[in-house]
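Input: a single structure, listed below in structure tokens.
The values are calculated or read from the model by the stated rules, or taken from the named source; none is laboratory data. Bear in mind the structure is a predicted one, so any value in this text is a computation, not a measurement. Reconstructed Cβ throughout: ideal geometry from the backbone, glycine too, with neighbour counts over all protein chains shown. For the accessible areas, the whole protein counts, side chains as well, though only heavy atoms, and no ligand, DNA or RNA atoms are used. Shrake-Rupley method; radii C 1.70, N 1.55, O 1.52, S 1.80 Å.
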Amino acid sequence: MKTLLIGLSVAAIGGAALAQTFTVARDENVPAKGAFTVGQVEDADVIDSANKKAGEIEHVLLDSAGKPTAVVIEIDRMGLDKKVVVALADVTVAPEPGDSDDHIVRTKLTKAQLTALPDWKG
């Protein structure tokens, strides 16, 4: 497993950041958020606070104890996509309406706020 040092942006708390070491979750069966597994969360569409698609989940990140702590969101935009880290506490996960095999992740942030977060260099 690859260990990454990144700044975890604590969303909606004035841009405060914590430096932590994270590992990308590789086991799709590991619980990620509530009853949802890593496999269900990864590649899920991310819906922003304006109820618009902002991107999708690229990775679930584990802390040094192996606990899911954050997600990497790949933000849709013209040109190169941007990847940012958002704490799991700042998102919700639910089955996609009409398709219980797919899931959506909602954030309290707007796409502009997500875009303003530091780039994930993992």
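Of all the numbered requirements in (1) modelled with pLDDT under 95; (2) not in a loop (DSSP other than H, G, I, E, B), GLY79 misses one, and that requirement is (2).
For the stretch 1-43, residues that are at pLDDT 90 or above, more than 16 Å from VAL85 (Cβ to Cβ) and small (Gly, Ala, Ser) total 1. Suppose the filter is open to solvent by 40 Å² or more (accessible area, probe 1.4 Å), farther than 16 Å from LEU109 by Cα and among the basic types (Lys, Arg); does LYS67 pass it? Answer is yes for this residue. Residues that are of a type in the set (D, E, K, R) and under 15 Å from GLY39 (Cβ atoms) were ranked within the stretch 97-111; the one that is nearest to the chain's Cα centre (by Cα) is ASP102.
Selection over the stretch 51-76 of residues that are of a type in the set (A, V, I, L, M) and part of a loop (DSSP other than H, G, I, E, B) gives a count of 1. So, of the residues in the stretch 71-115 that are aliphatic (A, V, I, L, M) and surrounded by fewer than 13 Cβ atoms within 10 Å (Cβ to Cβ), which turns out to be farthest from ILE47 (Cα to Cα)? In this case the residue turns out to be LEU80.
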